[in-house]
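As structure tokens, the structure follows; a few thoughts come after it.
The values are calculated or read from the model by the stated rules, or taken from the named source; none is laboratory data. Predicted model only: the values in this text are computed from it and were never measured. All Cβ positions, even for glycine, are placed from backbone atoms using ideal geometry, and neighbour counts span all protein chains on display.
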Amino acid sequence: DGVLPDNRFSSYKVGDKTFLLRKTSTGYSLYEETATAEDGLLLLGKLSGDKNPLVYKNSLDVSGQATFDENSNLTIKLEDKIITYTLQN
């Protein structure tokens, strides 16, 4: 079982895209770094809970499951998609 990230901010990558995970009082918020967003960050969804698996809800209100592995990499299962976000140090 993976450990939930303790950092206030964690940086992740999928391919050549960069993502920011922000710790909140209810879990985490996941953002994509993009020049098209006003402040450079586009909210993709929120993760809630305090242990694996977490509930993931995207900005379109579609729910899925989010888990962290032992290296704090994040995997989100949403409908028929599985995306793994790799933690950057």
* Keeping to region 59-89, report how many residues are charged (D, E, K, R) and either assigned to a strand (DSSP E or B) or within 13 Å of residue 11 (Cα to Cα) (or both). => 2
* Asked: Of all residues in region 29-81, which are farther than 17 Å from residue 19 by Cβ and among the charged types (D, E, K, R)?
  -> 38, 50, 51, 61, 70, 79, 80
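Restricting attention to region 24-35, does a residue exist that is under 15 Å from residue 10 (Cβ atoms) and among the small types (Gly, Ala, Ser)? I'd like the intermediate steps shown before the answer.
Step one: of region 24-35, the residues under 15 Å from residue 10 (Cβ atoms) are 24, 27-33.
Those still in the list that are among the small types (Gly, Ala, Ser) too: 27, 29.
Yes: region 24-35 contains one or more residues that are under 15 Å from residue 10 (Cβ atoms) and among the small types (Gly, Ala, Ser).
Across region 24-35, what is the total count of residues that are among the charged types (D, E, K, R) and crowded, with 16+ Cβ neighbours inside 10 Å? Show your work before the answer.
At the first step, the residues of region 24-35 found to be among the charged types (D, E, K, R) are 32-33.
Going one step further and asking which of them are crowded, with 16+ Cβ neighbours inside 10 Å, we end up with 32.
Residues in region 24-35 being among the charged types (D, E, K, R) and crowded, with 16+ Cβ neighbours inside 10 Å: 1 in total.
Pull up region 36-89, narrow it to residues that are of a type in the set (Asp, Glu) and exposed (fewer than 12 other Cβ atoms within 10 Å of the Cβ), then point me to the one that is modelled with the lowest pLDDT. Let's see the steps before the verdict.
We begin by selecting, within region 36-89, every residue of a type in the set (Asp, Glu); these are 38-39, 50, 61, 69-70, 79-80.
Applying the additional criterion that residues be exposed (fewer than 12 other Cβ atoms within 10 Å of the Cβ) yields 38-39, 50, 61, 70, 79-80.
Values: 38: 90, 39: 92, 50: 84, 61: 93, 70: 92, 79: 89, 80: 88.
Selected residue: 50.
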